[in-house]
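The values are calculated or read from the model by the stated rules, or taken from the named source; none is laboratory data. Just so it is clear, the structure is predicted and the values come from calculations on it, not from any experiment. Backbone-built Cβ (ideal geometry, glycine too); neighbour counts: all protein chains shown. These area figures cover heavy atoms from the full protein model, side chains too; ligands, DNA and RNA do not enter into them. Shrake-Rupley method; radii C 1.70, N 1.55, O 1.52, S 1.80 Å.
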Amino acid sequence: MINPDIKKQFPILNQEVNGHPLVYLDSAATSQKPLSVLEKLNEYYHGYNSNVHRGVHTLGNLATDAYEGAREKVRKFINAKSSQEIIFTRGTTTALNLVASSYGREHAKAGDEIVITYMEHHSNVIPWQQVCKSTGATLKYIPLEENGTISLDRVRETITPNTKIVSMMHVSNVLGVINPIKEVAKIAHENGAIMVVDAAQSAPHIKVDVQDLDADFLAFSGHKMCGPTGVGALYGKKALLEKMEPIEFGGEMIDFVGLQESTWKELPWKFEGGTPIIAGAIGLGAAIDFLIELGMDNIADHEHKITKYAYEKMSAIPGLLIYGPSPEERAGVITFNLDGVHPHDLATALDSFGVAVRAGHHCAQPLMKWLDVSATARASFYLYNTEEDVDALCDALVKTKEYFSDVF
Ligand code: 7TS
């Protein structure tokens, strides 16, 4: 397990909310940030804030080195072959939209198929719907098994030689399901399709190796992995990125601008139009240092134990329904409903005990339809959560249940 002292590195966690110690169980929405990341941002703004890639003055060179150094940290973190394959974006949503708008619109045509699953986050649904609308391609869904997982048999049935793109989340933000990306990528490639991976909920929690997965594109967000908001990354295989057109045009991304025609810089800069996300990338680099220091396997192990503990304890609360597979098959997310209590009322009641969870459709309306619910509550765990946090959640759940059964 990770030493509970780690909480001291997250000053925000040391506060009371509504008269109770804060129990933060909403890291799937956004994680908290350790001191080392906050200090790195401070250092940049206090010490060498400057624009990058202009190569004239000292501060500018320091900022460029730190920004490009962060790219190298991301490369290593996901084991990409080259830092030219790492594009800084605003987050997962922007990264997936880049792939859809550039690669998708260029390569899909009427009669082609784009394959996703029912569990995807909206940011891995709507960009593909838009590609289908503009190209005439068809959007197909891999059905889910009863416990919310996907089976490779269904994957094989859905992907065909007409499939051009398969796009799938690595870990579900609702069910915690861990998808067999490596095997799905193999099936996609056998059918001549490319594999796009939404790693928003995996990169913060488990080791992600783009070469081992054989992902063609992979997207994630810095703010869910101890980094600042407003930064994320798109990994793409160099051979694919090289042939793709940028989708944003302007400063920084050009080689030469003529009156009628312009040419682009080489990778990765042709996809980073405008002043890039300098502070964000430097902060993300510090977050990666922090995660590597703890060890991704330790983080995964810690979260697995907390999730198992929570799953067992929550399962013992009468009237509490947990969605998705057994704790063995899931990452640190537990989505649930309490009989007779609307999830928004439930989350509000839990907040009155200082326990922060999310309620709603979790940007996964196709999955909500599949679950046949309009909303759920969700507790999500990260490296700083402890068994005491789970105990506080369960106490608050029991008290909420008692309150609602007394009142109604
Ligand atoms: N993909 C998945 C699997 C996600 O969980 C999220 C955000 C995104 C993509 C989008 O990431 P963004 O950083 O571009 O916004 N998920 C959630 C969530 O579960 N609750 O709030 C945001």
Can you pull out the residues in region 238-259 that are part of a loop (DSSP other than H, G, I, E, B) and closer than 23 Å to A80 by Cβ? M244, E245, P246, I247, E248, E252, M253
Does region 36-51 contain any residue that is within 16 Å of the ligand (Cβ to nearest atom) and either free of Cβ contacts under 8 Å to residues at least 60 places away in the same chain or in contact with a strand residue (DSSP E or B) (Cβ under 7 Å, 6 or more places away or on another chain) (or both)? no
Every residue from region 351-392 that is closer than 20 Å to F10 by Cα and either aliphatic (A, V, I, L, M) or modelled with pLDDT under 95 (or both): V355, A356, V357, A379, L383, V390, A392
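Given the options T30, T93, T64, name the one that is β-branched (V, I, T), under 25 Å from the mean Cα position of the chain (by Cα) and either part of a strand (DSSP E or B) or surrounded by fewer than 19 Cβ atoms within 10 Å (Cβ to Cβ) (or both). Step through it out loud before you land on a result.
Values: T93 fails: either part of a strand (DSSP E or B) or surrounded by fewer than 19 Cβ atoms within 10 Å (Cβ to Cβ) (or both); T64 fails: under 25 Å from the mean Cα position of the chain (by Cα).
One residue alone meets the criteria, T30.
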Positions within region 103-125 being within 12 Å of the ligand (Cβ to nearest atom) and open to solvent by 10 Å² or more (accessible area, probe 1.4 Å), in sequence order: H121, H122, S123
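Assess whether E252 counts as being free of Cβ contacts under 8 Å to residues at least 60 places away in the same chain and farther than 25 Å from T335 by Cα. Show your work before the answer.
Values: free of Cβ contacts under 8 Å to residues at least 60 places away in the same chain: no; farther than 25 Å from T335 by Cα: yes.
Against the criterion (free of Cβ contacts under 8 Å to residues at least 60 places away in the same chain and farther than 25 Å from T335 by Cα), E252 does not qualify.
Taking the residues in region 76-90 that are within 20 Å of I206 (Cβ to Cβ) and crowded, with 20+ Cβ neighbours inside 10 Å as candidates, determine which candidate is farthest from the ligand (Cβ to nearest atom). First the steps, then the outcome.
Taking region 76-90 as the starting set, the residues that turn out to be within 20 Å of I206 (Cβ to Cβ) are 76-80, 86.
Pick out the ones that are also crowded, with 20+ Cβ neighbours inside 10 Å and you get 77-78, 80, 86.
Details: F77: 17, I78: 16, A80: 20, I86: 17 Å.
Of everything passing the filter in region 76-90, A80 is farthest from the ligand (Cβ to nearest atom).
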Of everything in region 215-230 that's open to solvent by less than 10 Å² (accessible area, probe 1.4 Å) and outside any loop (DSSP other than H, G, I, E, B), which residue is nearest to the ligand (Cβ to nearest atom)? S221
If I ask for residues that are in a helix (DSSP H, G or I), farther than 28 Å from E146 by Cβ and either aromatic (F, W, Y) or within 16 Å of the ligand (Cβ to nearest atom) (or both), which ones from region 352-403 would you list? Y403
Residue hits (region 312-334; under 21 Å from A375 (Cβ atoms), open to solvent by 30 Å² or more (accessible area, probe 1.4 Å) and small (G, A, S)) are S315, G319
Name the residues in region 137-176 that are within 11 Å of A188 (Cα to Cα), in contact with a strand residue (DSSP E or B) (Cβ under 8 Å, 6 or more places away or on another chain) and assigned to a loop (DSSP other than H, G, I, E, B), would you? I159, T160, N162
Residues of region 33-61 classified as open to solvent by less than 30 Å² (accessible area, probe 1.4 Å) and either at pLDDT below 95 or closer than 30 Å to A349 by Cα (or both), total: 1
Which condition number does S134 fail, the rest of (1) touching a residue at least 40 places away in the same chain (Cβ under 8 Å); (2) out of contact with any Gly (no Cβ under 8 Å at 6 or more places or on another chain); (3) away from the ligand (no atom under 16 Å from the Cβ) being met? (1)
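Please pick out the residue among I165, I187 that is of a type in the set (V, I, T), touching a residue at least 60 places away in the same chain (Cβ under 8 Å) and more than 25 Å from Y323 (Cα to Cα). Spell out how you get there, then give the answer.
Values: I187 fails: touching a residue at least 60 places away in the same chain (Cβ under 8 Å).
Just one listed residue meets the conditions, I165.
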Do you know which residues across region 204-213 are closer than 15 Å to E85 by Cβ and in a loop (DSSP other than H, G, I, E, B)? V208, D209
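Among what's in region 178-214 and is within 11 Å of the ligand (Cβ to nearest atom) and either touching a strand residue (DSSP E or B) at 6+ places or on another chain (Cβ under 6 Å) or open to solvent by 20 Å² or more (accessible area, probe 1.4 Å) (or both), pick the residue that is nearest to R378 (Cα to Cα).
It comes out as Q201.
Within region 231-249, track down each residue that is open to solvent by less than 50 Å² (accessible area, probe 1.4 Å), touching a Gly at 6+ places or on another chain (Cβ under 9 Å) and more than 22 Å from A70 (Cβ to Cβ). Spell out how you get there, then give the answer.
Initially, region 231-249 is screened for residues open to solvent by less than 50 Å² (accessible area, probe 1.4 Å), giving 231-236, 240-241, 244, 246.
From what is left, the residues that are touching a Gly at 6+ places or on another chain (Cβ under 9 Å) are 231-233, 244, 246.
Correct list: M244 only.
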Would you mind stating whether A356 is among the small types (G, A, S), out of contact with any helix residue (DSSP H, G or I) (no Cβ under 7 Å at 6 or more places or on another chain) and open to solvent by 60 Å² or more (accessible area, probe 1.4 Å)? no
